[in-house]
Every structure is written in C-alpha cells, then in structure tokens.
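The values are calculated or read from the model by the stated rules, or taken from the named source; none is laboratory data. Predicted model, so just to flag it, every value in this text is computed and none were measured. Note: ideal-geometry Cβ built from the backbone for every residue, glycine included; neighbour counts use all protein chains shown.
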Amino acid sequence: MFSLLLTCTPAQEDELVAELQEAGTTGITEEPGALRAFFADEAAAPALLDCFAAFQPQLRREEDTDWEQATRDAWPPMLVGGRFFLAPSWNTDPPPEGRIRLEIHPGMACGTGWHPCTQLCLEALERTVRPGMTVLDVGSGSGILSDAARLLGAARVIGCDVDLDAVRIARELVDVPMFAGSVAAIRTGVADLIVANISSGVAELLGLEFARAGRPDATLILSGFIEDDLPEAFPPRELLRRDGWACLIC
C-alpha cells in the first residue's frame, strides 16, 4: 500500500480526482493545496509517478487502512447557498429543513460541488430559476448544475458538453437530457436561462451562440474564472465572488 501526494490548484481538483479514479486509486483525501491518493498495487508506483509527474507527486508507504472509509470521511455533506444540501451518494443523512438534497459523485467527471465556481453557480441558480423555465447548461460536466436547475423547478433542462466521457457519466447520474456537443447545436431562442461554468476565453468565443440560443429576455450565468479575468463581453447585472473566483449574472 502506498499513497501519492499530488500538488494541485482548486481548479484542477475535479479533473484530477476523475483521473485518479481511472488509474485505480482505492481512496482520495484532501490536504492543503493537494490531493493524496492511495493505491494497493505497489508494482504500479513507477508508472503512476510518471503519469502524474505534472503534479509533483510524492510517494509514501502506508500502513493497511480502510481507505474507502477515509475517502468517505473526506467528502462530508455541506450546505451551499440558501437552499442546497450537497451530499455524496453514500451519505444517507436527511437534508436540513428547507434544504434540497443535491447528490454529488466525487471522482465522476467535473462538478463535485466543492469548487467555488460550482458553488457560485448554484447560488446564482437559486436566484434566477423560476417554475416553467427552460434551462440550458453549457459545459455540464457531471451534470450537477443541470440537476440543481431541475430540483429548483425548471420545466425543462438540457445539458451539453464537448467531453464525451463527461456526457456519458452525466447521463448515468442525473435525470436530465444530455448531449455531446456545443451550444451551437441548440435551437434558436429556446432557453430562458443559460448557465455555463467554463473559462473566460471560451465564454467570449461563445457569446454570439449564447445570444442566439437564449430568448430575448434570457438570463445568462457565467463562471469558471477568477476575478481578474472576467469576460468583457458580458456586463453583469450581478457579480458574485468567492475565494478569488467570480460568477456573473447577466
């Protein structure tokens, strides 16, 4: 049994967790500025060190421990915004009164709910989703924002992502239509609300498609970037901030 300590930024965590799961980790815990992943097969250590070299891996021999339980302990349920109770699939705690249970799946594509941008998008959805709306989730990852919009009462939710693996996983996790592709494939004027947790640069490139896919009075929620890198093409009606990250409601 051994572990690898991998240095990473908050923006890299979701994707790194997914890669570690694919590499066969038996458990993952969080440490300041890093993730520690545990592996049972010591013969795999050299290949894993090479595979994750970009994250400055540090190898440590470990005593036999229930790392599955350690991983579960590292992902406790949490409250986000005024309405959500985020809980991993193995947690059976009931949501506090007035809260909606939103199930998360650590290691299954991007979108565990722990990143500040995901949390900001959830808060923005709380403020903007109304019953009867059609919501479009661009760059849907694990589908967490699509699922949140559905739970908030949207009549129709559509998710899309250019990552085929993310779409496959999201289809298994959430009861929302998901397709592999970009917003360019969406019918003109279909969305009352568009949410996109993507980079600032990609948001700028998709600006015209957002305008085309949304109805004339549509709301646009954008996040996935730091406060110093706001996309200039979208003057916000409201700006949400957390830990140096930003979310625009336009």
**Asked** Under the condition of being of a type in the set (V, I, T) and not in a helix (DSSP H, G or I), which residue from the stretch 17-66 is modelled with the lowest pLDDT?
**Response** T65
**Request:** Would you please list the contacts, defined by Cβ atoms under 7 Å and residues six or more apart or on different chains, that run from a residue in the stretch 170-198 that is in a strand (DSSP E or B) to a residue that is among the aromatic types (F, W, Y)?
**Result:** I194/F210
**Complete:** Flagged in the stretch 125-168 as of a type in the set (G, A, S) and either surrounded by fewer than 16 Cβ atoms within 10 Å (Cβ to Cβ) or assigned to a strand (DSSP E or B) (or both), in numbering order, are G132, G153, A155, G159
**Asked** Can you name every residue in the stretch 211-227 that is touching a residue at least 40 places away in the same chain (Cβ under 8 Å) and outside any strand (DSSP E or B)?
**Response** A213
**Prompt:** Out of (1) under 27 Å from G27 (Cα atoms); (2) in contact with a Ser or Thr (Cβ under 7 Å, 6 or more places away or on another chain), the odd one out for T118 is which?
**Reply:** (2)
**Message:** I'm told V176 meets every condition in (1) crowded, with 23+ Cβ neighbours inside 10 Å; (2) touching a helix residue (DSSP H, G or I) at 6+ places or on another chain (Cβ under 6 Å) except one. Can you identify the failing condition by its number?
**Reply:** (1)
**Prompt:** Yes or no: I198 under 23 Å from G81 (Cβ atoms) and β-branched (V, I, T)?
**Reply:** yes
**Item:** Selection count, the stretch 32-49, where residues are under 19 Å from the mean Cα position of the chain (by Cα) and not hydrophobic (A, V, I, L, M, F, W, C)
**Value:** 1
**Prompt:** Given the structure, is I144 modelled with pLDDT under 95 and within 25 Å of Q21 (Cα to Cα)?
**Reply:** yes
**Message:** Exactly one of these conditions fails for R150: (1) among the basic types (K, R); (2) in contact with a helix residue (DSSP H, G or I) (Cβ under 6 Å, 6 or more places away or on another chain); (3) in the same structural domain as I194 (by TED's automatic domain parsing). Give me its number.
**Reply:** (2)
**Message:** Looking at the structure I just gave you, is L240 on the phi < 0 side of the Ramachandran plot, crowded, with 22+ Cβ neighbours inside 10 Å and touching a residue at least 12 places away in the same chain (Cβ under 8 Å)?
**Reply:** no
